[in-house]
Amino acid sequence: MISDTLRAVILGIIEGVTEFLPVSSTGHLLLAERFFYLGEGSFWNSFTVLIQLGAILAIVAIYFVKLWRVALGMFSNAADRRFVIGLLVAFLPAAVIGAAAGSYIKAYLFNPWVVCFSLIAGGAILMWVDGLDLKPHEHDATTFPLPMYLSIGFAQCLAMIPGVSRSGASIVAAMLFGADKHAAAEFSFFLAIPTMVGAFGYEFYKNRADMTTDHLGVVAIGFVVSFITAIIVVKMFLSYVTRHGFMLFAWWRIVVGTLGLIALALGR
């Protein structure tokens, strides 16, 4: 029987590796729980959401200087204020739709069949986008037009379907609306901050009565592991995707989704 500590470490690594890659962290965590018995019960369902905060703090750490400058300047600098407004505009669709349909989505869509088909479909879309001859005209994630921020926010809502990928949906949308790969990836990182902090706060509040001292210790382990892993992955991802595009991640999704379907068909 695998210990809770080891489960927390493994799930923390999966979260840190997949959260900011366009491969769906939620999908990978659900498949890991299903096929490798890494998490069962309401606590472990909440655990996978709670440790996302570790990955988010990795973004805050990496971009601390820029984020701190924006925080200090948003009341006195028009450009900083405009970016904060744009970020909130992009976050708004997920907040509204998540509050309205979150329970329905979890009840009917959080199953491995949906994850596997979504991984494959998302991989095909990444391949298609990677092959387009796009002419990017937006090279700074902090200066997108406000309608573009809102459109990316609506695209991010597709990631409420497990297996779609929040970062993948926002990156693809940003590129289709004119962002280059680097700016699209960076904005997906920034947009993750309010989106996932909100999800963390809601999940923690909802399950606060079930959080024993042992549970908090396990969450802390997953939190730290996802934080460290995400820092490493984000730095490598930006460099890689700028030079090589998304084909590797497209194939990753297709292979994982296909293997998952085969396992499900065999009764796993």
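Which one is nearest to ALA185 (Cα to Cα) among residues in the stretch 1-38 that are of a type in the set (Ser, Thr, Tyr) and not in a helix (DSSP H, G or I)?
Taking the stretch 1-38 first, the residues of a type in the set (Ser, Thr, Tyr) are 3, 5, 18, 24-26, 37.
Filter once more, keeping what is not in a helix (DSSP H, G or I): 3, 24, 37.
Working: SER3: 36, SER24: 14, TYR37: 32 Å.
Filtering the stretch 1-38 for residues that are of a type in the set (Ser, Thr, Tyr) and not in a helix (DSSP H, G or I), the one nearest to ALA185 (Cα to Cα) comes out as SER24.
Selection of the stretch 92-127 for residues being open to solvent by less than 80 Å² (accessible area, probe 1.4 Å) and over 24 Å from GLU33 (Cα atoms) yields PRO93, ALA94, ALA95, ILE97, ALA124, LEU126, MET127.
Yes/no per residue for (1) among the aliphatic types (A, V, I, L, M); (2) within 23 Å of HIS182 (Cα to Cα); (3) at pLDDT 90 or above:
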residue: ASP4; (1), (2), (3): no, no, no
residue: SER25; (1), (2), (3): no, yes, yes
residue: ARG34; (1), (2), (3): no, no, no
residue: LEU57; (1), (2), (3): yes, yes, yes
residue: MET74; (1), (2), (3): yes, no, yes
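Given PHE223, PHE204, which one is in contact (Cβ under 8 Å) with a residue 60 or more places away in the chain and surrounded by fewer than 16 Cβ atoms within 10 Å (Cβ to Cβ)? Explain how you work it out, then say what you get.
Details: PHE223 fails: surrounded by fewer than 16 Cβ atoms within 10 Å (Cβ to Cβ).
Result: PHE204 is the single residue among PHE223, PHE204 that is in contact (Cβ under 8 Å) with a residue 60 or more places away in the chain and surrounded by fewer than 16 Cβ atoms within 10 Å (Cβ to Cβ).
Of the numbered criteria (1) open to solvent by 70 Å² or more (accessible area, probe 1.4 Å); (2) under 20 Å from MET148 (Cβ atoms), the one TRP68 fails is (2). Of all the listed residues (ASP140, ASP130), the sole one being open to solvent by less than 50 Å² (accessible area, probe 1.4 Å) and within 27 Å of LEU238 (Cα to Cα) is ASP130. The selection criterion, being under 16 Å from the mean Cα position of the chain (by Cα) and either closer than 17 Å to ALA220 by Cα or surrounded by fewer than 19 Cβ atoms within 10 Å (Cβ to Cβ) (or both), does not hold for GLU19.
The values are calculated or read from the model by the stated rules, or taken from the named source; none is laboratory data. Just so you know, these numbers come straight off a predicted model, no measurement behind them. Neighbour counts are summed over all protein chains in view; Cβ atoms, including those assigned to glycine, are modelled from backbone coordinates with ideal geometry. Heads up: the accessible areas ignore ligands, DNA and RNA and are worked out on the full protein's heavy atoms, side chains in. Shrake-Rupley method; radii C 1.70, N 1.55, O 1.52, S 1.80 Å.
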